[in-house]
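The values are calculated or read from the model by the stated rules, or taken from the named source; none is laboratory data. Note that this is a predicted model, so its numbers are computed, not measured. No Cβ is skipped: glycine too gets one built from the backbone with ideal geometry, and neighbour counts run over all protein chains shown.
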Amino acid sequence: MIRSIEVIPLRLPVAHMLTLSRGVASDPSAGAPHILVKITDDDGMAGWGEVRPSHRWSYETEETVITTLRRYLAPALVMQDERDIARLHALMDAVIAPGVQIGQPIAKSAVDMALHDLLGKQRCLSIGALLERGHESPVSLCYVVSAHSIEEAVQQVEEGKAKHYHGFKVKTGIHPDTDLELMQEVMRAAAGKPVWVDANQGWEYNRAVRLARELALLGVKVIEQPLAAGDITGYAELVRRSDIPIVLDESIYSPRDLLQHVRLRALNGLVIKLCRVGGIFWARQLAEMALAADLMLLGSGLTEGRIALYASAELFSAFGITMPVDLNGPQFLQDDMVAGPFDFPGRTVPLSDRPGIGIEPDPDKLERYRVRE
């Protein structure tokens with residue numbers, strides 16, 4: 001039985017600025033909002049979940065995530081059976097109704113992650129074992145290139161190479177008129193490492209068609225979310241005309257969304273992001289649907305700390321994602337909520353056999369970074 005649900009807002013220090021097509025998503029001067037959820041059962045065992053809202057990427061803000069969790073989701077779930085995750089998701093959807101999207105998926109993801117951590121601890125199973133798919137291999141990390149100039153982009157690629165990252169994800173759409181020239185220089189600097197372009201909805205259709213043709217000649221592996229999220233017919237036509245796989249992130253929030261895009265042949269691949277779809281429960285279903293439809297799977301996150309990062313990596317490994325994933329918290333954060341340095345020297349996330357997610361927040365760091373309300 002769920003005895004209590006605690007919501008803990010944190011402000012983590014940011015190491016580097018992250019810019020998307022819509023503006024700055026992480027700023028060292030402001031810090032990064034992260035929200036932890038702690039779910040405790042009748043025996044005093046606790047599960048932890050983490051989310052990092054970003055209003056440049058989603059309509060959910062730090063404030064809405066906190067109030068949704070405290071005023072709606074937590075009261076609905078206390079005294080419920082933590083083992084029935086499908087029913088708990090139904091309860092969350094009853095109090096925060098799905099609309100075009102699934103209804104506050106970032107807030108729901110924090111709860112879902114904490115529930116999976118708690119169940120893993122109760123059953124002495126890792127997240128990978130809970131998914132019953134086993135571990136494929138450690139997850140390799142890519143380096144995110146987010147630059148306002150071509151020179152800055154090349155410099156960031158060189159930094160990623162020097163730090164031995166396994167590939168690059170390049171944010172485009174910031175200055176669309178120079179994206180082709182920027183990518184020409186990035187591909188030269190990447191020297192054969194896999195490159196993944198993410199426009200974050202920053203291109204219009206004609207530009208996307210033209211750039212897809214040019215980027216294919218450069219050897220770019222995939223293009224992520226070039227058009228607006230709701231432009232299904234545009235994606236169907238772009239997929240037909242593109243020589244590069246078109247993978248979607250912001251377009252797909254639920255199995256219903258994925259089914260519509262598959263029926264219209266409006267994507268070649270799916271980016272799995274726990275916070276976008278409401279957590280591990282739905283991410284697993286989407287990943288299974290994507291594999292059944294012969295779609296490419298990629299992995300991503302939102303500059304999370306190690307709790308969300310490890311949960312994501314376990315899922316990505318379980319579904320055999322081999323392309324370097326965009327779990328960029330170690331790149332853009334100075335520190336997180338777990339003891340020890342926030343770094344992966346081999347640029348791979350080692351898989352844990354420990355119960356649940358396998359890590360716990362550090363009480364000293366919780367005290368240091370907690371937002372005083």
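Glu237 satisfies every condition listed in (1) closer than 22 Å to Ile321 by Cα; (2) buried (at least 16 other Cβ atoms within 10 Å of the Cβ); (3) among the acidic types (Asp, Glu) except (1).
Would you be able to tell me the number of residues in the range 264-278 that are closer than 18 Å to Leu327 by Cβ and hydrophobic (A, V, I, L, M, F, W, C)?
We begin by selecting, within the range 264-278, every residue closer than 18 Å to Leu327 by Cβ; these are 269-277.
Okay, now just the ones that are also hydrophobic (A, V, I, L, M, F, W, C), so 270-272, 274-275, 277.
Total meeting the criteria: 6.
Of the listed requirements (1) touching a helix residue (DSSP H, G or I) at 6+ places or on another chain (Cβ under 9 Å); (2) surrounded by 23 or more Cβ atoms within 10 Å (Cβ to Cβ), Lys169 misses just one: (1). Could you tell me whether the range 175-185 includes any residue that is of a type in the set (Val, Ile, Thr), buried (at least 21 other Cβ atoms within 10 Å of the Cβ), in the same structural domain as Lys221 (by TED's automatic domain parsing) and touching a residue at least 12 places away in the same chain (Cβ under 8 Å)? Taking every residue of the range 175-185 in turn, none turns out to be of a type in the set (Val, Ile, Thr), buried (at least 21 other Cβ atoms within 10 Å of the Cβ), in the same structural domain as Lys221 (by TED's automatic domain parsing) and touching a residue at least 12 places away in the same chain (Cβ under 8 Å). Apart from one condition, Tyr369 fits all of (1) over 13 Å from Cys142 (Cβ atoms); (2) touching a Gly at 6+ places or on another chain (Cβ under 8 Å); (3) among the aromatic types (Phe, Trp, Tyr); the exception is (2). Considering the range 4-44, the qualifying strands (runs of 3 or more DSSP E), each wholly inside and each with 3 or more residues that are within 15 Å of Val371 (Cβ to Cβ), outside the structural domain of Ala311 (by TED's automatic domain parsing) and modelled with pLDDT of 95 or more, run over 32-41. Annotation: of all residues in the range 330-344 being part of a loop (DSSP other than H, G, I, E, B) and touching a residue at least 60 places away in the same chain (Cβ under 8 Å), the one that is surrounded by the fewest Cβ atoms within 10 Å (Cβ to Cβ) is Gln334.
On inspection, Leu309 does not qualify as aliphatic (A, V, I, L, M), in a helix (DSSP H, G or I) and farther than 26 Å from Ile223 by Cα.
Among the residues making up the range 56-70, those that are of a type in the set (Ser, Thr, Tyr) and part of a loop (DSSP other than H, G, I, E, B) are Ser58, Tyr59, Thr61.
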